[in-house]
Each structure stands twice: as structure tokens, then as C-alpha cells.
1. With equal scatterers on the alpha carbons only and no solvent term, can you work out the Debye log10 of I(q)/I(0) for the chain at 0.11, 0.19 1/Å?
2. Testing the spin-label approximation: label points 7 Å from Cα along Cα→Cβ at GLN2 and ASN131. State their distance in nm.
3. Largest first, what is the accessible-area ranking of LYS14, LYS6, LYS130 with a 1.4 Å probe?
4. Anyone know which of LEU61, LEU88, LEU79 comes out most mobile in the 10 Å Cα GNM of the chain?
5. Please identify, among ILE63, ILE104, ILE113, the residue showing maximal mean-square fluctuation in a Gaussian network model of the chain using a 10 angstrom Cα cutoff.
6. Ignoring ligands, DNA and RNA, what percent of the 1.4 Å accessible area of the chain is carbon and sulfur?
7. Just to be sure I understand: if I project the alpha-carbon convex hull of region 82-133 onto a plane and average over all orientations, what area do I get in nm²?
8. Percent relative contact order of the chain, based on C-alpha pairs within less than 8 angstrom and at least six residues apart?
Amino acid sequence: MQPRPKVTICGSFKRAPQQLAELFLELETTGCRVLSPLSLNFTNHKEPFVKLSSEVDFSILEIEKFHLRAIAESDFIWLHCPDGYIGLSGAFELGYALALHKPIYSNATPTDITLAQLVTKVNSVFSALKNIC
């Protein structure tokens, strides 16, 4: 039996939450193991940095270090960039993924012309999986 592909979602966790929920479900439904975020049960939607209910006692730095570790362990990265938006944290994470030679997929093209060159645009998670498997 082939191991489940491991993926980390990067990008905005505050913008387009319904699209993010659909993405999370699509990743799980296609057999992926989402390493980060572990869920979408964010507790502080009005804060600049959202946290899961299991992360409320952790600092932003501790959460980001966990996310970077997940990127390192992933087979691929999925970028959630609604309307092409990537914030500074997302750009930082993409740079880290690039340094680790992780393939980066998205169903949207980043508006930043440099970051757009790092992302392979696909129509679905299934299309990305065909590329990595």
C-alpha cells in the first residue's frame, strides 16, 4: 500500500474561509494527510494571526516553527491565495518550501509576479497528485 501524500497548506487562513474549508476537505478526500494546519477550528478570527483552539497557549513563533517543520516533512505544498493574495507570512513560507525543493500547487495564481513563478496552477488537488505520484 502506497503511503498517503503529505501536504501543508500555506497562505491566508483568514481570507475566503469557505474556500479554505473546501480545500481542506478536498485534500483529505483525495487521501492526503494534511500536516498543517491540523484543522480549521480557528478561535480568534478577528486577530491578525489566527490560532487553532489547540494552539491558544502557544506563541506565534512556536506555531510558525511547527508549520515550517510540517513544510519540511511534506511531499508538496498547497497555496491558498484567494484572489491572488499572499501575505508576508505566506511569502516567507513559500521561500522556505522553495529552498527545500518542495513542489507548490494552487488553484489560483498569486498576484505577485515573482511568487507566481514559484507556483504550479492546477484545477484540483487531484491534478497536483498526478504530478507528484
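1. Debye curve over Cα of the chain, log10 I(q)/I(0) at q = 0.11, 0.19 Å⁻¹: -0.35, -1.11.
2. 1.6 nm
3. Putting LYS14, LYS6, LYS130 in descending order of accessible area: LYS130, LYS14, LYS6.
4. Looking only at LEU61, LEU88, LEU79, the largest GNM fluctuation is found for LEU61.
5. Of the options given, ILE113 has the highest mean-square fluctuation.
6. On the way: 4230 of 7740 Å².
The value for the chain is 55 percent carbon and sulfur by accessible area.
7. Approximately 3.6 nm², given one-decimal rounding.
8. On the way: 188 pairs, mean separation 36.3, N = 133.
Contact order relative to length: 27 percent.
The values are calculated or read from the model by the stated rules, or taken from the named source; none is laboratory data. From a predicted model like this one, the values you see are computed outputs, not experimental measurements. With ideal geometry, Cβ positions are generated from the backbone for all residues, glycine too; neighbour counts draw on all protein chains shown. Heavy atoms of the whole protein, side chains included, go into the accessibility calculation; ligands, DNA and RNA do not. Shrake-Rupley method; radii C 1.70, N 1.55, O 1.52, S 1.80 Å.
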